[in-house]
Structures are given as C-alpha cells and as structure tokens.
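Working notes for the structure below.
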Amino acid sequence: MKTALLALMAIAAPAVAQTPVARAPQSVAITMTDHGFVPSTIVLRRGGSYVLRIANRSDKGHNLTQKAFFRAARLSREDRGLAGDGQIVLAPGERATVRLQAPLSRPGGTYQFSSTTLGDADNEYTGVFRMR
C-alpha cells in the first residue's frame, strides 16, 4: 500500500510542477495627443491579460474605436460600460482604465483602431493592435 502511494505521488509530482502559473495582467499605456495615438502600434499576446491605461492629453475630445477587437476581447465586468460598444470616448484631460483578455484571433492578426471624432479622420488618427 505504501509503495503504491509513493508511486502515485511520483507520477503526479511532475504534473503539479508543470502547471502554468497565471500571469499578472500587463499594463499598456496609450496616449491620445493632438497628433494621434502614442504608441500607434500595440503588440498583444493572444489571450493575454492586459490593463489598458488610456489618457487624452489633447485639448479636444477623442475616442479609440475598434468594434471587432472589443467584441472579441473579454472585458472585465466593471469595464464593459466603458468599451462595450466598441469605443472608448475621452474628453480633454480624461483617463480610462480597461481590463481585458486579448482576443484569441490568429497570430499576426491585426485590429486597426481610430478616433472617429470630427477632424481626426482627416488627420489619419489611427493605430493598430497586432496579435502575436
């Protein structure tokens, strides 16, 4: 009996040791300026946990719009009201924090985002979420 128990523990030990440790959410800062998003390219790991910290440092309102990305991402319950309609709208000087799990889209997939505020479309106020 004792031998069988030791054998069972020896078999189970490697499985316990190989269990992946949950990663803490990675913080990603996105700044809206008078000239666009900084950074304009944001690389995310498919299914990774992230905290998007978005700040509008411009003197006018902007938004970050990408309906397919926010629909495919798993937003935290408390942040669904912020981005649930596919965009994050910020007044001048305003900040927002959105916690999410990145979409499980194909590697190399991209989600181009933009600000749809009047005048921004003319200025190519765009960026891209690049999935790896």
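Numbers at a glance
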read-out: Unmet requirement for Gln101, which otherwise passes all of (1) surrounded by 15 or more Cβ atoms within 10 Å (Cβ to Cβ); (2) in contact with a helix residue (DSSP H, G or I) (Cβ under 9 Å, 6 or more places away or on another chain); (3) not basic (Lys, Arg); value: (2)
read-out: Candidate set: the range 37-65, residues that are in a loop (DSSP other than H, G, I, E, B), among the basic types (Lys, Arg) and within 13 Å of the chain's Cα centre (by Cα); chosen: the one surrounded by the most Cβ atoms within 10 Å (Cβ to Cβ); value: Arg46
read-out: Failed item, numbered, when Pro20 is tested on (1) assigned to a strand (DSSP E or B); (2) at pLDDT below 90; (3) not hydrophobic (A, V, I, L, M, F, W, C); value: (1)
read-out: Criterion (more than 18 Å from Pro39 (Cα to Cα), touching a residue at least 40 places away in the same chain (Cβ under 8 Å) and in a strand (DSSP E or B)) met by exactly one of Leu104, Leu100; value: Leu100
read-out: Gly93 at positive phi and touching a Phe, Trp or Tyr at 6+ places or on another chain (Cβ under 6 Å); value: no
read-out: Filtered residues of the range 66-95 (kept if in contact (Cβ under 8 Å) with a residue 40 or more places away in the chain and either under 13 Å from the mean Cα position of the chain (by Cα) or surrounded by fewer than 14 Cβ atoms within 10 Å (Cβ to Cβ) (or both)); value: Gln66, Ala68, Phe69, Arg95
read-out: Sole residue being at pLDDT below 90 and in contact with a strand residue (DSSP E or B) (Cβ under 9 Å, 6 or more places away or on another chain), chosen from Gly93, Gly84, Gly47; value: Gly84
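The values are calculated or read from the model by the stated rules, or taken from the named source; none is laboratory data. Every value quoted in this text rests on a predicted model; they were computed, and no experiment measured them. Note that we place each Cβ from the backbone using ideal geometry, even for glycine, and neighbour counts take in every protein chain shown.
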